[in-house]
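Since the structure comes first, as structure tokens, the remarks are kept for the end.
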Amino acid sequence: MFGGIHLVRHDTRIDFMRIHRPLMILSILLVLASIVLVATKGLNYGIDFKGGILMEVRTSGPADLAGMRETLSNLGLGEVSLQQFGSPQDVLVRLRQQEGGDAAQGAAVQKVKDTLGTTVEYRRTEVVGPKVGGELIWKAIYATLLALVGIAAYIWFRYEWQFGLNAILATFHDVITTVGMFSLLGLQFDLASVAAVLTIAGYSVNDTVVIYDRIRDELRRYKKLPVSDIINQSINKTLARTTVTSGLTLLSVLAIALFGGEALRGFAIALIWGILIGTYSTIFVASPMLIYMNLRGIRAKASAAPAETATASAPAKPK
């Protein structure tokens, strides 16, 4: 009775492949710029990776961050970082790694407790040494690489090697540019950030698989249609799904960024970037690279499939 709301028309015919070359060059530049940024500027590692002291405290009323920062800065413990999260009473206190081993870390924690007094509830205290932080960095790298290898193996098994290779290159593109974004903005990079990077990789591949399914079906259906036209046709047919999925996910993550507090802001910003760059790379990196692959074998497998209809044609070019 009532028509549904369509963000994208079913008969949309956008010629995405017309601009794929300059955008692929842009992608290469983004990856190179990210690598240079990480190599020169580096990352703003959190306590998880560089070591230090993290204390989660709750005050009886709204926390006076300025007053607490001034009081703790006079303790001679080096730079003190205070961050409000959740409710106005919850505060994260971060201290740099103290010289003198475990005893020095314990003394620093006790100094903070003596200064803030008994009116503050100490909910969590964590001490991470530099050795543990270094091990966590390598474990995070291994986890990311293993995830990417698993993704490549899955796509290689499900499709053909051309699809698997392109998907892994697009996922590397998303992961590297996300890490570059952390370096550029100086966002704190910790274990939550690693979780965001892995989430982005999974999200990007999920979007890529949907379009790859359509491309493979269209390749077997239209055996003589140019690959660029088939990719355009496939992207247009899945554009409504891509728009709705990415749009709704983006709204959810925007809510986290706006109302989740400082503790979740870096994680949310990473996911926002990941949704945008993941959707972009699926359309302008993973898909157009198939043009330069030998896909004749894929079409040969469909020799028993119904022949292409006489009316089949390439998507119309926009005027």
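The values are calculated or read from the model by the stated rules, or taken from the named source; none is laboratory data. Here the structure is a predicted model, which is why all the values come from computation and not from measurement. Cβ sites come from the backbone with ideal geometry, for glycine too, and all protein chains shown count toward neighbours. The area values use the complete protein model at the heavy-atom level, side chains included, leaving out ligands, DNA and RNA. Shrake-Rupley method; radii C 1.70, N 1.55, O 1.52, S 1.80 Å.
Structural remarks
- Scanning the stretch 75-92 for residues that are out of contact with any Pro (no Cβ under 6 Å at 6 or more places or on another chain), open to solvent by 20 Å² or more (accessible area, probe 1.4 Å) and more than 17 Å from Lys111 (Cα to Cα) yields Gln83, Gln84, Phe85, Gly86, Ser87, Gln89.
- The stretch 86-116, residues that are assigned to a loop (DSSP other than H, G, I, E, B) and more than 36 Å from the chain's Cα centre (by Cα): Gly100
- Any pair with Cβ under 7 angstrom, 6 or more apart, that starts in the stretch 24-52 at a residue that is modelled with pLDDT under 95 and ends at one that is basic (Lys, Arg) and outside any helix (DSSP H, G or I): Ile47/Arg94; Gly52/Arg94; Gly52/Arg96
The rows are residues; the columns are (1) touching a His at 6+ places or on another chain (Cβ under 9 Å); (2) open to solvent by less than 60 Å² (accessible area, probe 1.4 Å); (3) part of a helix (DSSP H, G or I); (4) modelled with pLDDT under 85.
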residue: Ile211; (1), (2), (3), (4): no, yes, yes, no
residue: Ile215; (1), (2), (3), (4): no, yes, yes, no
residue: Leu225; (1), (2), (3), (4): no, yes, no, yes
residue: Ile230; (1), (2), (3), (4): no, yes, yes, no
residue: Leu250; (1), (2), (3), (4): no, yes, yes, no
residue: Ala263; (1), (2), (3), (4): no, yes, yes, yes
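- For the stretch 39-50, a tally of residues being open to solvent by less than 50 Å² (accessible area, probe 1.4 Å) and part of a helix (DSSP H, G or I) returns 3.
- Among the residues of the stretch 33-66, those that are touching a helix residue (DSSP H, G or I) at 6+ places or on another chain (Cβ under 6 Å) and of a type in the set (Gly, Ala, Ser) comprise Ser34, Gly51.
- Residues of the stretch 57-74 classified as open to solvent by 40 Å² or more (accessible area, probe 1.4 Å), under 15 Å from Val112 (Cα atoms) and assigned to a loop (DSSP other than H, G, I, E, B), total: 1
- Residue in the stretch 274-291 that is in a loop (DSSP other than H, G, I, E, B) and at pLDDT below 80 present: no
- Residue within the stretch 171-183 that is open to solvent by 10 Å² or more (accessible area, probe 1.4 Å), over 30 Å from Asp102 (Cβ atoms), in the same structural domain as Phe267 (by the TED database) and touching an Asp or Glu at 6+ places or on another chain (Cβ under 9 Å) present: no
- Annotation for the stretch 125-136: no member residue is among the hydroxyl-bearing types (Ser, Thr, Tyr) and either assigned to a helix (DSSP H, G or I) or modelled with pLDDT under 80 (or both).
- Some residue of the stretch 188-204 being within 30 Å of Gly106 (Cα to Cα) and among the β-branched types (Val, Ile, Thr): yes
- Comparison of Ala304, Ala316 shows that the only residue that is of a type in the set (A, V, I, L, M), in a loop (DSSP other than H, G, I, E, B), at pLDDT below 85 and closer than 22 Å to Leu239 by Cα is Ala316.
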